[in-house]
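Just so you know, all these numbers are worked out from the coordinates, no wet-lab data involved. All values reported here derive from a predicted model rather than from experimental measurement. Every residue, glycine as well, gets a Cβ built from its backbone with ideal geometry; the counts of neighbours run over all protein chains shown.
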Amino acid sequence: MREQVTEARRIVVKVGSSSLTTATGGLDASRVDALVDALAATQAEVVLVSSGAIAAGLAPLGLSRRPRDLATQQAAASVGQGLLMRAYNDAFARHDRVVGQVLLTVDDVTRRAHYRNAYRTLRRLLDLRAVPIVNENDTVATEEIRFGDNDRLAALVAALVHADLLVLLSDVDGLYTGDPALPTSRAISDVRSPDDLANVDIRRPGKAGVGTGGMVTKVEAARIATTSGIPVVLTSAPQAARVLAGEEIGTLFHRLRERPQARLFWLAHATSPRGRLHLDAGAVQAVVRRHASLLPAGITAVDGRFAAGDPVDLVDVGGVPVARGLVNYDAAELPTLLGRSTLELAAELGPAYEREVVHRDDLVLL
């Protein structure tokens, strides 16, 4: 038995469209019921991140396949989201469980105030013994639909609610070294470090006809979660009950470190940089090796339009991001400060300019 699973007190489970719907669209009630039965059987608190709104809306609208244009995708999501929630509500009601719908967009995980508010909502639902069902708000969002999958969202939600485990349910029963259909591919039961993925080909597309995710997004989600101290199990949806019971099936991604501060995790994984600060070699060493604050003297150039308090990437002489931080100056202010010491700036411009460009407490290494 896997202790990481049996000892988990709060679990985030993500299920893809292909695990809930038929190949032509429309919800498969038997699949929904089987998933809910597995979730209801566990003693842990459960947050369900569920795809399927667009897929569920295809058949009622007479669409034979997932549309490519954004307006029709949003129309399908508008119809399908209600159907999806009704199916979950009916299935969980058989277990005397109440469900709550939580629709999120990129802003809800990239803006700090929204991020905190999402946490309070999810936390309160769990306190009231309800099952939060999270999905991207496809009816109004654009970037999420183009990104096309809830795997990354599930990893961010797992960190947001301080989960003990993330379970990714797909149409394959685990991670393989190549295409599972090929006899040369080997199943991988444990991933303990990035080195274990060195010879794994995850570039193949997903098999689902109505889903959009592939193995790449699931491995990336596992990376986000495990670097925030959360182990991940990847397997197929029909195996959900066995996985949640602790059986050693599927692929277990072991956590890579202890849980970091929530604020630093948010900065590293849930923000989008508004600009870039180019550092000289000395500044890179100071930030990366000595964990020092970034001063104006070590910056050689500034890209982007940002305001004080926005996240920016700190890049080395080759343009590779080495850190991300919250900047203390507007983009328009910085060009006149570059290469100058804080003492020089304070003497010429006043004590307000003696501050760091990015303080080390507002900085996370990438």
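Calculated FRET efficiency, residue 264 and residue 289, Cβ-Cβ r, R0 25 Å, to nearest 0.05? Write out the running numbers ahead of the final one.
Working: r = 18 Å, r/R0 = 0.72.
Approximately 0.90, to the nearest 0.05.
Taken along the Cα-to-beta-carbon direction at a fixed 7 Å, the label points for residue 242 and residue 78 span 4.3 nm. Between the C-alpha center of the range 88-126 and that of the range 324-366 there is a gap of 38 Å. Among 19, 92, 266, pick out the residue whose Cα is farthest towards the positive end of the charge dipole of the chain, where Lys and Arg carry +1 and Asp and Glu carry -1 on C-beta, about the Cα centre. Farthest along the dipole direction, towards plus: 92.
Just to confirm a number: summing +1 for Lys and Arg and -1 for Asp and Glu over residues other than residue 177 whose beta-carbon lies under 10 angstrom from that of residue 177, what do you get?
Value of the local net charge: -1.
Across the range 273-365 the C-alpha pair distances fall into 5 Å bins from zero in the proportions 3, 15, 29, 28, 18, 6, 1 percent. Over the residues of the chain, the helix contribution to mean residue ellipticity at 222 nm works out to -9500 deg cm²/dmol, using -39500 (n - 2.57) for each DSSP H run of at least 4. With a Förster radius of 25 Å applied to the beta-carbon distance between residue 360 and residue 114, the computed FRET efficiency rounds to 0.45. Applying 1/(1 + (r/R0)^6) with R0 = 35 Å to the Cβ-Cβ distance of residue 29 and residue 162 gives a FRET efficiency near 0.60.
Compactness of the chain, taken as the C-alpha radius of gyration over 2.2 N^0.38 Å, stands at 1.09.
The fraction of Cα-Cα pairs per 5 angstrom bin, counted from 0 for the range 1-108, comes to 2, 11, 21, 22, 17, 13, 8, 4, 2, 0 percent, rounded to whole percents. Here is the list for the range 62-93: trypsin sites (Lys or Arg not before Pro) lying in DSSP coil, each with at most 14 other C-beta atoms within 10 angstrom of its C-beta, are 65, 68.
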